[in-house]
Amino acid sequence: MINEIKKESELRMKKSIEALGVAFNKIRTGRAHPSILDSVMVSYYGVDTPLKQVANVNVEDGRTLSITPWERSMTPAIEKAIMVADLGLNPSTTGEVIRVPMPALTEETRRDMVKLARAEAENGRVSIRAARRDANSDIKELLKEKMVTEDEERRGMDDIQKLTDKYIAEVDKALAEKEAALLAV
């Protein structure tokens, strides 16, 4: 019983880390990276489709992404989708290739991005702590129903706390890496 609770809470904590990674990918660092455009949805024959399913996204140089649509007619729709995505990017088209230059980040913008990254990291920590809280309450419920002993309850809660500490440390590490990338000029 307790092992199932531990597995379920660890799964929830892993999902929190994955969600944090997705959130961090949306925060641009000034360097070109294809994952910046992961959230862009293009209207493809009336259906909203992720950009990487209708075009090839590559890093041209350190500050420029190049997007090559698989269908030439999709170029205006892709350009519009990037502008509508509210990423602060201005694509320019040269024939079949769309180039997206990454604007250099000012010091103030960098600080704002760091604040945003810290807020996302805190959301991740809160989510991990919620998984711990739920697991602990499930274990207490088992004790109340006399399905486990007090020693098993204590061991289970200690294991859940160790998992929580491990995943909180992962969040802190990811945040430190993102802050370093944001503050690097």
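Of note:
- The listed residues are Lys115, Lys178, Lys146, and the only one of them that is more than 25 Å from the chain's Cα centre (by Cα) and not in a strand (DSSP E or B) turns out to be Lys146.
- Residue identified as modelled with pLDDT of 95 or more and not basic (Lys, Arg) among Ala169, Ala81: Ala169
- Here is the figure for the stretch 8-20: residues that are out of contact with any Ser or Thr (no Cβ under 9 Å at 6 or more places or on another chain) and more than 15 Å from Ala169 (Cβ to Cβ) total 3.
- Some residue of the stretch 3-19 being touching a helix residue (DSSP H, G or I) at 6+ places or on another chain (Cβ under 6 Å) and closer than 19 Å to Pro91 by Cβ: no
- Within the set Glu60, Glu79, Glu107, the sole residue that is loosely packed, with under 13 Cβ neighbours inside 10 Å and either over 20 Å from the mean Cα position of the chain (by Cα) or under 30 Å from Ile5 (Cα atoms) (or both) turns out to be Glu107.
- All positions within the stretch 105-139 that are over 24 Å from Ala174 (Cβ atoms) and touching a residue at least 24 places away in the same chain (Cβ under 8 Å): Asn136, Asp138, Ile139
- Among residues of the stretch 1-41, those that are more than 18 Å from Leu182 (Cβ to Cβ), under 11 Å from the mean Cα position of the chain (by Cα) and modelled with pLDDT of 90 or more, counted: 5
- Members of the stretch 154-176 that are of a type in the set (Asp, Glu), more than 19 Å from Gly21 (Cα to Cα) and surrounded by fewer than 18 Cβ atoms within 10 Å (Cβ to Cβ): Asp158
The values are calculated or read from the model by the stated rules, or taken from the named source; none is laboratory data. On a predicted model such as this, the values are computed, not experimentally measured, just so you know. Cβ coordinates were reconstructed from backbone atoms using ideal geometry, including for glycine residues, and neighbour counts include every protein chain displayed.
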